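Below is one structure, written out as structure tokens, with a few remarks after it.
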Amino acid sequence: MANLALRKLTKSYGTTEVLHGISLDVADGEFVVFVGPSGCGKSTTLRMIAGLEETTSGIIEIGGREVNNLEPKERDIAMVFQNYAIYPHMSVKKNIAFGLRSSKMPKADKEKRIQEVAGILDMVDLLDRKPSQLSGGQRQRVAIGRAMVRDPAVFLFDEPLSNLDAQLRTQMRLEIKKLHQRVGNTIIFVTHDQVEAMTMADRIVIMKDGYIQQVGTPAEVFHKPANTFVARFIGAPSMNLLAGRIEGTIVTLDAGQNVTVPTLAPTGDGGILLGVRPDDLHPNSANPIITGTVTLREPLGSETLIYVETPSGEIIAKADGRTPPAVGETVTLGADPENLHVFDASSGQALS
Amino acid sequence: MTDITPTADALLMPKSAPRTRNMGQIIRWLLLFIGGIIMVMPIAYMISTSLKWPHEVYNVNLIPDEPTIENYTYVLEDGRFYWWFVNSIIIATITTICNLLFDSLVGYTLCKFRFPGRTIVFIAILSTLMIPTEMLVIPWYLMSQSFGWLDSYWGIMFPGLMTAFGTFLMKQFFESVPDDFIEAARIDGLNELQIWWTVAMPLVKPALAALAIFVFLGNWTAFLWPLIVTNSVDMYTIPVGLSGFGDEADVAWELIMTGAAISTIPTLVVFLIFQRFIIRGVVMAGLKG
Ligand SMILES: Nc1ncnc2c1ncn2[C@@H]1O[C@H](COP(=O)(O)OP(=O)(O)OP(=O)(O)O)[C@@H](O)[C@H]1O
Ligand SMILES: [Mg+2]
């Protein structure tokens, strides 16, 4: 087990740079999730850590040791692929044993280790099967077993759950989390599913276009998004952003209303975006912000999402599940001041 | 239909429909029948001739008047045929093994590694497919002559130890082996040669089987080059030897056909051994379900 450090990592394919200086410190035993839209460079970063892709510049350290010039097998890592990549011509047991091929462990110990891993993953009965005789979830577990058996310093997962159906995904999510609590190895987990990121991570790394947007605990990135991208990427439905100007603690929306926000240090020319999550925005709030007409309702059971057409554009709010406002009704939406986020309009960065 | 009372179905169906279907079927059967005859006839004649006495060979009757296995005893006891058979087995087997190894090694490299000049190498290999053997025979001969390879196993085998076709075939099949398998093996600590052998090769078994059949048959029946490169009767392969079988006076068709019939046995064996590896869908099972 060991910590992992990335220092100003860049990656270019030909003349196009796809990663622009990724720096990150991961503590020993931490569960870090990389999340971001397709093409943002998550897989590339992971594959560079694994040694499957060369680094263009920057340093990768595993356990305090620079690994840039080491082969994948010398880096003390294991990787689980999106497509499982378990060998179809070998039994489950052989697949798992494959992870131990290059280890100098005595044969009896290897056998013990395989049984142990199979026990943890609940696969003892499946050891003699071929991959074609397994379900998707079981195959993924074999892939995890092959990675686990070596007890690597760092586990790398590249979207391992995206081929599973929703129910199995939730189940495997839990299993991986439990596994982490049990074995305690450092884990880097790549996904584009923000729910996966929020539920599993100790810390989330949010990426976009080859840049890290924010690194923080799930609570931090949710409650204190560093910029409008993070604000809209984390949380569903996405945060509403209303254009306006800030003067001291008063935000004047372009639509005319004045809203009081906590004291902030304004940057730029005072043009801002006021962010408020649908979860925090309700009709009949003590702190009204904006008025509009309900155009659509989405009942979720205990609550109802309402789409409200306002002078600042369409925004989403949450109303009571039993007596939601009717379509066509005029509502005034409001939110508690501590749930308001203010972003600089031109840079998108959060004001603090 | 033997039932004379029309069933509901028959009444409802337009009268012409079943008849056109029958016509189509008849034509299809007829074509298949003709095709079958065309393919089976030469083999039937080969076997029939091998069972005839010399005086009956030029009669076209399929069933010999006086069937005999005399030809078989003669050919099998004839020392020459024995040697040709051994030569052919050795040459076809070694060439097949070499092709399986080299074609897949080169095909794998061309498929899974990015290196400068990769495309050029591939095109160069492919372009050799367009040159007919007849044109290559002279350079081969001159080469064998200057290296002293004439009239030897090596001389017969060297042009075919690797083939452009096999390389191409293997490259295409390796495309179907996902890179994830190879990268997973790399992380598991295998070197590139081990990855090729333990991970990639088992996944292209069907292609290897097909290639084995092709190469074996191709070398088993090769005629022109072995004829040119060999001098001594002991070095002949079966096709070369059989073409002149008989005594000096004239060609003994019944003996040639007997030898040909015997020489089909190894090809059948090879086919039966390898065709069971040609099973589809092996590769996909390790991936997402
Ligand atoms: N071999 C390559 N050659 C050129 N560009 C590449 C190559 N591999 C990846 N890229 C580019 O690098 C960028 C990052 O790709 P990467 O695979 O890391 O994205 P990702 O975040 O994993 O996306 P996804 O969620 O779709 O898997 C993309 O813009 C992609 O087009
Ligand atoms: Mg990816």
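List of remarks:
- Among residues of the stretch A:253-279 that are in contact (Cβ under 8 Å) with a residue 12 or more places away in the chain, those with a Cβ under 6 angstrom from a residue that is surrounded by fewer than 14 Cβ atoms within 10 Å (Cβ to Cβ) and part of a loop (DSSP other than H, G, I, E, B), sequence gap 6+ or separate chain, pair up as A:Ala255/A:Pro311; A:Thr260/A:Thr249; A:Val261/A:Thr249; A:Thr263/A:Thr249; A:Gly268/A:Ser346.
- Test for B:Leu190: is it touching a residue at least 12 places away in the same chain (Cβ under 8 Å), under 30 Å from A:Tyr84 (Cα atoms) and open to solvent by less than 20 Å² (accessible area, probe 1.4 Å): no
- Condition met for A:Asp109 (more than 9 Å from chain B (Cβ to nearest Cβ), surrounded by fewer than 15 Cβ atoms within 10 Å (Cβ to Cβ) and assigned to a helix (DSSP H, G or I)): yes
- B:Leu76 more than 23 Å from the chain's Cα centre (by Cα), open to solvent by 70 Å² or more (accessible area, probe 1.4 Å) and hydrophobic (A, V, I, L, M, F, W, C): yes
- Matching residues in the stretch A:152-164 - criterion: being open to solvent by 20 Å² or more (accessible area, probe 1.4 Å) and either more than 28 Å from A:Ser103 (Cβ to Cβ) or assigned to a helix (DSSP H, G or I) (or both): A:Ser162, A:Asn163
- Note on the stretch A:82-106: residues that are farther than 20 Å from B:Asn191 by Cβ and within 12 Å of chain B (Cβ to nearest Cβ) amount to 8.
- Among the residues examined, A:Ser57 does not qualify as open to solvent by 10 Å² or more (accessible area, probe 1.4 Å) and near ligand 1 (Cβ under 9 Å from one of its atoms).
- Subset of the stretch A:22-54 that is in contact with a helix residue (DSSP H, G or I) (Cβ under 9 Å, 6 or more places away or on another chain) and among the acidic types (Asp, Glu) - its residue that is nearest to ligand 1 (Cβ to nearest atom): A:Glu53
- Residue check for A:Ser12: small (Gly, Ala, Ser), assigned by TED's automatic domain parsing to the domain that holds A:Arg139, more than 16 Å from ligand 2 (Cβ to nearest atom) and touching a Ser or Thr at 6+ places or on another chain (Cβ under 6 Å): yes
- Each residue in the stretch B:235-246 was checked for being open to solvent by 40 Å² or more (accessible area, probe 1.4 Å) and modelled with pLDDT under 90, and 2 pass.
- The set of residues in the stretch A:4-44 that are open to solvent by 70 Å² or more (accessible area, probe 1.4 Å) and not in a strand (DSSP E or B) comprises A:Gly14, A:Thr15, A:Asp28, A:Ser38, A:Gly39.
- Residues in the stretch A:305-317 that are farther than 19 Å from A:Gly256 by Cα and surrounded by 21 or more Cβ atoms within 10 Å (Cβ to Cβ): A:Ile306, A:Ala317.
- Residue count, the stretch A:190-222 (criterion: more than 8 Å from the chain's Cα centre (by Cα), open to solvent by less than 60 Å² (accessible area, probe 1.4 Å) and within 15 Å of ligand 2 (Cβ to nearest atom)): 2
- All helices (runs of 4 or more DSSP H) inside the stretch B:165-265 with 2 or more residues being within 14 Å of chain A (Cβ to nearest Cβ): B:179-187, B:205-220
- Leading residue by the ranking (least open to solvent (accessible area, probe 1.4 Å)) among those in the stretch A:165-189 that are within 16 Å of ligand 1 (Cβ to nearest atom) and within 14 Å of chain B (Cβ to nearest Cβ): A:Ile188
- Filter result (surrounded by 14 or more Cβ atoms within 10 Å (Cβ to Cβ) and either farther than 20 Å from A:Ile250 by Cα or hydroxyl-bearing (Ser, Thr, Tyr) (or both)) within the stretch A:330-352: A:Val331, A:Thr332
The values are calculated or read from the model by the stated rules, or taken from the named source; none is laboratory data. Keep in mind that what you see is a predicted model, and the values were worked out from it rather than measured. Positions of Cβ are generated from backbone atoms using ideal geometry, with glycine treated the same way; all protein chains shown enter the neighbour counts. For accessibility, only protein heavy atoms count, side chains too; no ligands or nucleic acids. Shrake-Rupley method; radii C 1.70, N 1.55, O 1.52, S 1.80 Å.
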